[in-house]
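The values are calculated or read from the model by the stated rules, or taken from the named source; none is laboratory data. If you're wondering where the values come from, they're calculated on a predicted model, not measured in any experiment. Cβ sites come from the backbone with ideal geometry, for glycine too, and all protein chains shown count toward neighbours. Side chains included, ligands, DNA and RNA excluded: accessible areas come from the protein's heavy atoms. Shrake-Rupley method; radii C 1.70, N 1.55, O 1.52, S 1.80 Å.
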Amino acid sequence: MPVPILKQGKVLIACIQAALTDEDLVRLKDDLAEGVGQHRSSGVVIDVSALDVLDSFATRMLRSIAQMTKLRGAETVIVGIQPDVAFAMVQLGLVLENVQTALDLEEGLELIAARAKERQA
Amino acid sequence: MAAKQSVQTRRAQLTVQDIERRKKLVGLGQDDLARIAAIKSTVVQNADKFTDAFFDYLKELEGGAPLFKNAAVLNEARQLKREHIIAIASGDYGVPYVDQRMRLGALYSKVGLDVQVFLGAFHHLLRSIGTEIIKSSGNTMQAFDSFMSLQKVAFLDIGIIVDVLIDERERTINEQQEAIREISTPCLQIRDRLLILPIIGLIDSQRAKQLTDNLLHAIRANRAKVVVMDITGVAAVDSKVANHLIQTVAAARLMGAETIVTGLSAEVAQSLVALGVDLSKVNTVGDLQGGLEAAEKLLGYRIVVLDKNSRATEAA
């Protein structure tokens, strides 16, 4: 099932609804890479609150999405990692270095807004 | 109530096979049952007398006092003991019998009767039963054999009662440990979106896991953005504990919360450096006050001291 990508102002929101296959993740990456340029977005929020598992491949994909969107001028924030998922990831050594994380969508949008302001200043 | 629950759980554990195994351990066989049947009438007739002997002896003992404090409990114990004395000679040692034993054991445990005291009184009971059997029988040798058979059942009883007493004690210890764990890792919100997590005492891996778990759920529940973790009360931090702290910080970050660790004492700091633990990814501040100030700064708070005049207007 492909992940719907919503546009909200200058931000793209990818809301993951259900467990994803590896192909879905790759596709999400491609779509976001495309979308960031197309919509001239300044930020990307990926909501993973519906996921109760984040494996190494998913983590790697999220990390590469973040790096890639940065290269295209948009900040990525991962939001809604569940407590148990966070703990499991840390125990497996899957730490999202250099990737912004936030509690939920609201926080994520706020973070991106703050970043945009910083850049303007 | 607690005692009753425990009997319930033990009852679930004690299966028919388990009872059979216990019987085998004390060597209770068919010929024993036949011999016990022969002395059944003697025991049943004197049940009241034996009950009295047991409780009279217990009363004299120093450690027997707890049982005599409460009349209702004593009555229940007497009742159960009398039932037991009749049952011990009945020849049927199935689940109901074991159940009855466990009820009595739970009662002893509830009033806090010591195992030694119980064993002393139980031995006295056996002696009075044995004396009676030999007195009422013409053939001493035969009476002795019967009594030995009865004693096998008695040892079966002791096994069960001691198990119940140990079980109860372990349960109490577990409960207390649980209580200590519960109270020792509070996660407190002191400002909007700011949590403090004071850690006191020893951190073992189980507690560390629970601590992390508590914190992560609290971050979610309170929508926390900054967490101040104070480890002033942790006497020793080894590499394992440090690792747990790093993991906790990383997990909190994944949930969008920044963690500030405070209260590393001089010794702890030195030992961490000596161990070569890399705490560079962890934001550390000397004491809790400094940590709170740093957290407030992160959240955009500014503390302003009001001058006297405005304080007066505020009060009014």
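Any idea what the alpha-carbon Rg over 2.2 N^0.38 Å comes to for the protein assembly as shown?
Expressed relative to 2.2 N^0.38 Å, the Cα Rg reads 1.57.
Given the options B:Asn174, B:Asn139, B:Asn46, state which has the largest fluctuation in a GNM of chain B using a 10 Å cut-off (strictly under) for Cα springs.
Between B:Asn174, B:Asn139, B:Asn46, it is B:Asn139 that shows the largest mean-square fluctuation.
Of the beta bridges DSSP finds with both residues in the range A:5-120, what % are antiparallel, to the nearest 5?
25
So how tilted is helix B:2-13 from the main axis of chain B? Cα-based, degrees 0 to 90, rounded to 10.
70
Of the candidates A:Asp24, A:Asp55, A:Asp84, which one comes out as most mobile in a Gaussian network treatment of chain A with C-alpha springs shorter than 10 Å?
Looking only at A:Asp24, A:Asp55, A:Asp84, the biggest GNM fluctuation is shown by A:Asp84.
To the nearest whole number, what is the average tally of beta carbon atoms from other chains within 10 Å of the beta carbons of peptide A:90-98?
Counting other chains' Cβ atoms within 10 Å and averaging over A:90-98 gives 4.
Can you give the accessible area buried between chains A and B, summed over both chains, with a 1.4 Å probe, in Å² to the nearest 100?
Result for this pair: about 1800 Å² buried.
Return one whole number: the accessible area per residue of the range B:2-182 in Å², for a 1.4 Å probe.
Heavy-atom SASA per residue in the range B:2-182 reads 52 Å².
Given a cut-off of under 8 Å on Cα pairs at least six residues apart, what relative contact order in percent is computed for chain B?
15
Length gain on complete extension for the stretch B:Lys135 to B:Ile190, per 0.36 nm per residue less the alpha carbon to alpha carbon distance?
12.0 nm
As a test of the formula, what do you get for chain A when each DSSP H run with n ≥ 4 contributes -39,500 (n - 2.57) and the sum is divided by the residue count, at 222 nm and rounded to the nearest 500 deg cm²/dmol?
One gets -16000 deg cm²/dmol as the mean residue ellipticity at 222 nm.
Please report the antiparallel percentage of DSSP beta bridges with both residues in the protein assembly as shown, rounded to the nearest 5.
So the antiparallel bridges in the protein assembly as shown amount to around 20 percent.
Can you give me the C-alpha center-to-center distance between the range B:207-221 and the range B:234-276, rounded to a whole angstrom?
About 15 Å separates the Cα centre of the range B:207-221 from the one of the range B:234-276.
Take chain B, connect every pair of alpha-carbon atoms lying under 10 Å apart with a spring to form a Gaussian network, then pick out the residue of B:Arg82, B:Arg21, B:Arg171 with the largest mean-square fluctuation.
B:Arg21
Give the percent of DSSP beta bridges with both residues in chain B that are antiparallel, rounded to the nearest 5.
Counting DSSP beta bridges with both partners in chain B, the antiparallel share is about 20 percent.
Using mean Cβ contacts within 10 Å as the protection proxy, how do B:252-259, B:231-238, A:114-121, B:272-279 order, highest first?
Descending packing order for the listed peptides: B:252-259, B:231-238, B:272-279, A:114-121.
Helix B:288-299 versus the longest principal axis of chain B: what angle, 0 to 90°, nearest 10, using Cα atoms?
60
Leaving out ligands, DNA and RNA, what percent of the accessible area of the range B:2-182 is carbon and sulfur, probe 1.4 Å?
53
Whose amide H sits under 5 Å from the amide H of A:Val77, counting only residues 5 or more places off or on another chain, with H placed in the peptide plane?
A:Val44, A:Val45, A:Ile46
Where a Cα-Cα gap under 19 Å defines reach, which lysines qualify for B:Lys152, not counting those fewer than 8 residues away within the same chain?
In chain and number order, the partners are B:Lys23, B:Lys24, B:Lys40, B:Lys81.
Cα-Cα over 27 Å: which of A:Lys70/A:Lys117; A:Lys117/B:Lys209; A:Lys70/B:Lys281?
Violating the 27 Å Cα-Cα cut-off are A:Lys117/B:Lys209.
Could you work out the helix-only [θ] at 222 nm for chain B, with each DSSP H run of four or more residues adding -39,500 (n - 2.57) and the total divided by the number of residues, to the nearest 500 deg cm²/dmol?
It lands at -23500 deg cm²/dmol.
Quick one: grab the alpha carbon gyration tensor of the range B:2-182, order the square roots of its eigenvalues as a ≥ b ≥ c, and give me rounded if a/c is under 1.5, else prolate or oblate depending on whether a/b is larger than b/c.
oblate
Give me the distance between the Cα centres of the range A:33-92 and the range A:1-29, rounded to whole Å.
Spelled out, the Cα-based centre of one part sits 10 Å from the other.
For the range B:101-136 and the range B:45-66, write down the distance between their C-alpha centroids in whole Å.
8
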